[in-house]
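Please treat every number below as a calculation from the coordinates, not as lab data. Please read all numbers here as calculations on a predicted model, not as lab measurements. When we count neighbours, we look across all protein chains shown, and the Cβ atoms used for this are built from the backbone with ideal geometry, even at glycine.
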Amino acid sequence: MTWSEMWALLEPECWNTLYMVGWSTLIAIVGGLPLGILLVLTDRGGLLQNVVANRVIGQIVNIARSMPFIILMVALMTFTRWVTGTTIGRDAAIVPLAVGAIPFFARLVETAVREVDGGLVEAVQSMGGNTWTIVRKVLVPEALPSLIASATTTVVALIGYSAMAGTVGAGGLGDLAIRYGYQRFESELMWVIVAILAVVISLIQFAGDYAARSLHGRGGRSGSAPKLRLLKAKEPATADVGKVA
């Protein structure tokens, strides 16, 4: 197989992989971010403590995470057909990819948010901040470097899942490697695909790590801590002045 023939096969499948992974990542972030935060808020000692709700949500997340992707893809065929109108193609593959990635990302979000300093939450509470304000002004901004790292991990995992999505006719580099590299013994094409995936994953990982380090360097997890603690420390003093007056 010549290089021009290889490129003619590779180009559309590269776009198919990026299409599936891109949309799946977006849906996973939109669905997994609030779910992960909710797991923290409803836990014991959380701002919205509800042990029953926390256990129910946690069990659903655990079950979804424990299911192998190939089985999840088959189990969701009816739902996939209802959403996309078909069970074949790259649009159909996005549904199981996203559903599988949401609980995965939610657990990563939960871990990142739990690492936020509890003193910051107490400081905002002492200044009259409600739950939404704490989530928006403290939990998400302070955990943002870790959240970006979690999103990067999710993207890399989805690239691996997209290879299995080829079983429903979704295409992509993984499907191309199986059909040509394995079934037709085109070893050169197989190694080219491996090299492309290695480069893509390395670039994604580098970009994610760079963004996380940049945010951490600009303030990161503790950047707003001194300011909040200073405001909290000033409150008693202000109250005392008022009493003296």
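What shape does segment 105-205 have by the C-alpha gyration tensor, where a ≥ b ≥ c are the square roots of the eigenvalues, rounded means a/c under 1.5, and otherwise prolate means a/b greater than b/c and oblate the rest? Taking the square roots of the gyration eigenvalues as a ≥ b ≥ c, segment 105-205 is prolate.
Taking the Cβ of Ala165 as the center, what net charge do the other residues with Cβ under 9 Å away carry, scoring Lys and Arg +1 and Asp and Glu -1? It would help to have the intermediate numbers written out before the result.
Values: positive: Arg90; negative: Asp175.
With Lys, Arg at +1 and Asp, Glu at -1, the net is 0.
Projecting label points 7 angstrom from Cα along Cα→Cβ for Asn130 and Thr78 puts them 4.0 nm apart. In this structure, Arg179 and Val56 have a Cβ-Cβ separation that, at R0 = 51 Å, corresponds to a calculated FRET efficiency of about 0.75.
At 0.36 nm per residue, minus the direct Cα-Cα distance, what do Tyr210 and Ser187 gain on full extension? Give it in nm, one decimal, please. Walk me through the numbers before you get to the answer.
Numbers: separation 23, 0.36 × 23 = 8.28 nm, distance 3.44 nm.
Length gained, Tyr210 through Ser187: 4.8 nm.
Averaging the sequence gap over all C-alpha pairs within less than 8 Å and six or more residues apart, then dividing by the number of residues, gives segment 3-244 a relative contact order of 26 percent. Computed from phi, the 3J(HN,Hα) profile of segment 114-124 under the Karplus parametrisation 6.51, -1.76, 1.60 (θ = phi - 60°) reads 5, 7, 5, 4, x, x, 5, 5, 5, 5, 5 Hz, with x in place of Gly and Pro.
Give, in whole angstrom and from largest to smallest, the semi-axes √(5λ) of the equivalent ellipsoid of the chain, with λ running over the eigenvalues of the Cα gyration tensor.
45, 21, 11
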